[in-house]
Amino acid sequence: MPVLGTTRRSLLGSLATLPLMTLPGVVRAAEPDLSMLKDLTRGARPIGPEERRARLTRAQALMKAQGIGAVLIEPGASLVYFTGIRWGRSERLTAAILPVEGDPCIVTPFFEEPRTRETLAIPAEVRVWQEDEDPLKLVSGFLMDRKLAGLPIGIEETVRFFAVDGLQKNGLRVTSANAVVRGCRMIKSAAELALMQLATDITIAAYRFVYDRVETGMRQRDVSALMDAATRRLGGEPEFSMVLVGEGAAYPHGTRTPAPVTEGAIVLMDCGCNVMGYQSDVSRTFVHGRASAQQRKVWEQVARGQQVAFAAARLEVPAGSVDDAVRSYYASLGYGPQYKLPGLSHRTGHGIGLDGHEPVNLVRGEKTPLAPGMCFSNEPGIYIPGSFGVRLEDCFHMTGAGPQWFSTPPVSIEQPMG
């Protein structure tokens with residue numbers, strides 16, 4: 001039975017670090033000594049009220065330019081971004097309405113109003129609905145009160161159908177809010193970049209701690225639990241800690257048949273955390289023991305692929321051209337072509353910020369031009385089914401002078417953590 005307020009993932013993570021006597025018949029190593037790790041988040045600065053006001057001002061300017069009267073946002077990263085409200089989705093609608101002028105409105109169930117206000121970080125009207133009422137009528141009522149019902153209503157791209165359908169049944173016209181929401185969220189401020197840098201610093205520090213403690217016979221979940229423990233000790237909130245060993249690393253997200261760490265096996269780790277909601281995403285691949293000539297060759301090809309992608313990430317070029325550059329390089333080595341295996345079967349990178357994966361992607365055909373403040377992962381892995389795979393992943397952000405790393409890629413398979 002789930003424990004209130006505890007996810008299944010956190011339960012599994014807790015089980016992985018339970019003392020030896022709590023799991024009868026299972027022999028486990030003693031819990032690691034984390035005392036050498038210090039909290040890196042002391043002094044971290046949260047997003048302040050001035051920045052939130054600037055976000056709304058920017059969104060309203062984009063709405064005006066697009067002829068949009070308001071934007072509807074459900075719980076998720078965009079709601080956090082604009083209002084500070086951290087909320088889970090359920091069949092009961094809680095949503096924000098950002099109008100083209102004036103303060104936003106929050107629509108929430110009557111009995112949830114006190115909890116809704118706990119993380120509300122901007123001036124906003126709050127309208128509540130009772131269990132026997134239609135919350136979409138409150139949305140349309142707010143828009144009519146603001147004389148905005150005659151304009152199209154922008155829908156944030158993750159809003160569920162029932163909300164869109166309800167607006168239309170109330171006589172409102174809907175349109176995509178991508179130009180508004182993406183136009184704000186894709187361009188990170190200095191405060192956002194600082195939190196992402198801190199999250200990355202924590203992930204790199206945790207990697208260095210874990211790398212020296214990986215032993216023959218450890219299960220993938222043991223390594224993952226160690227990474228999560230180190231991340232928490234350093235002040236980050238773990239988001240994911242995927243560990244793939246041997247042939248499992250030939251498949252970007254692994255298989256259902258995990259393998260223990262063995263001498264000479266590839267170990268691929270893909271891990272990230274968040275600090276005040278802003279995320280890191282870093283992958284490292286190493287060999288437990290001595291690398292073979294083939295492992296070293298592929299590792300070096302991937303390391304070069306990262307540099308090819310980084311060099312291709314120039315201001316104003318289409319995001320998809322970064323992916324094109326990597327595939328052209330890999331094709332010259334005999335991989336692919338395109339997304340075929342052996343080679344790179346996924347995009348070269350994805351946007352990152354409050355979401356681990358957010359628009360836009362470094363993928364073929366993506367025409368969005370790169371601009372200062374955009375943030376991406378750079379992860380051009382090579383996967384050889386039936387054998388092994390290598391992925392190196394570091395994130396970068398665009399500046400006025402071009403791309404800048406959040407973390408420095410490793411230069412050799414013998415020193416995979418730098």
Taking R0 as 45 Å, what's the FRET efficiency between Met144 and Arg86 from their Cβ-Cβ distance, rounded to 0.05?
0.95
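How much length would be gained if the chain were fully extended between Ala44 and Met417, taking 0.36 nm per residue of separation minus their Cα-Cα distance, in nm to one decimal?
Working: separation 373, 0.36 × 373 = 134.28 nm, distance 2.45 nm.
Value of the extension gain: 131.8 nm.
Determine the relative contact order of the chain: mean sequence separation of Cα pairs under 8 Å and six or more apart, normalised by residue count, in whole percent.
Values: 839 pairs, mean separation 53.7, N = 418.
About 13 percent, as a whole number.
Could you give the accessible area per residue of the chain, probe 1.4 Å, as a whole number in Å²?
Numbers: 19160 Å² over 418 residues.
About 46 Å² of surface per residue is accessible.
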Can you give the charge dipole size of region 37-142 about its Cα centre, rounded to the nearest 20 debye, using +1 on the beta carbon of Lys and Arg and -1 on the beta carbon of Asp and Glu?
660
From the backbone phi of region 341-347, what are the Karplus-calculated ³J(HN,Hα) couplings (6.51 cos²θ - 1.76 cosθ + 1.60, θ = phi - 60°) in whole Hz, Gly and Pro given as x?
9, x, x, 9, 8, 10, 4
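Take the solvent-accessible surface of the protein heavy atoms, probe 1.4 Å, and return the percent of it on the chain that carbon and sulfur atoms account for.
Values: 10420 of 19160 Å².
Carbon and sulfur together cover 54 percent of it.
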If each of Leu315 and Ser328 carries a label point 7 Å out from its Cα toward its Cβ, how far apart are those two points in nm?
2.2
What lysines sit close enough to Lys137 to cross-link, taking a C-alpha to C-alpha distance under 27 Å and skipping anything fewer than 8 places away on the same chain?
Lys64, Lys147, Lys169
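Multiply the residue separation of Lys64 and Thr216 by 0.36 nm, subtract the distance between their alpha-carbon atoms, and state the gained length in nm to one decimal.
On the way: separation 152, 0.36 × 152 = 54.72 nm, distance 6.04 nm.
Length gained, Lys64 through Thr216: 48.7 nm.
Where Rh is the Kirkwood radius over the Cα pairs of the chain, the temperature 25 °C and the viscosity 0.890 mPa s, what D in µm²/s does Stokes-Einstein return?
Using the Kirkwood radius from Cα pairs, D works out to 106 µm²/s.
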In nm, the gap between the two label points placed 7 Å beyond Cα toward Cβ at Ala194 and Thr119 is 2.2
Using Cα-Cα distances under 8 Å and only pairs 6 or more residues apart, what relative contact order does region 293-414 have, in percent?
27
Please identify, among Leu344, Leu56, Leu333, the residue showing maximal mean-square fluctuation in a Gaussian network model of the chain using a 10 angstrom Cα cutoff.
Leu333
Within straight-line cross-link reach of Lys340, lysines at Cα separation under 25 Å, skipping those fewer than 8 residues along the same chain:
Lys297, Lys367
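The values are calculated or read from the model by the stated rules, or taken from the named source; none is laboratory data. What you see is a predicted model; the values in this text were computed from it and never measured. Quick reminder, even Gly has a Cβ in these numbers, built from the backbone with ideal geometry, and neighbours come from all protein chains shown. The area values use the complete protein model at the heavy-atom level, side chains included, leaving out ligands, DNA and RNA. Shrake-Rupley method; radii C 1.70, N 1.55, O 1.52, S 1.80 Å.
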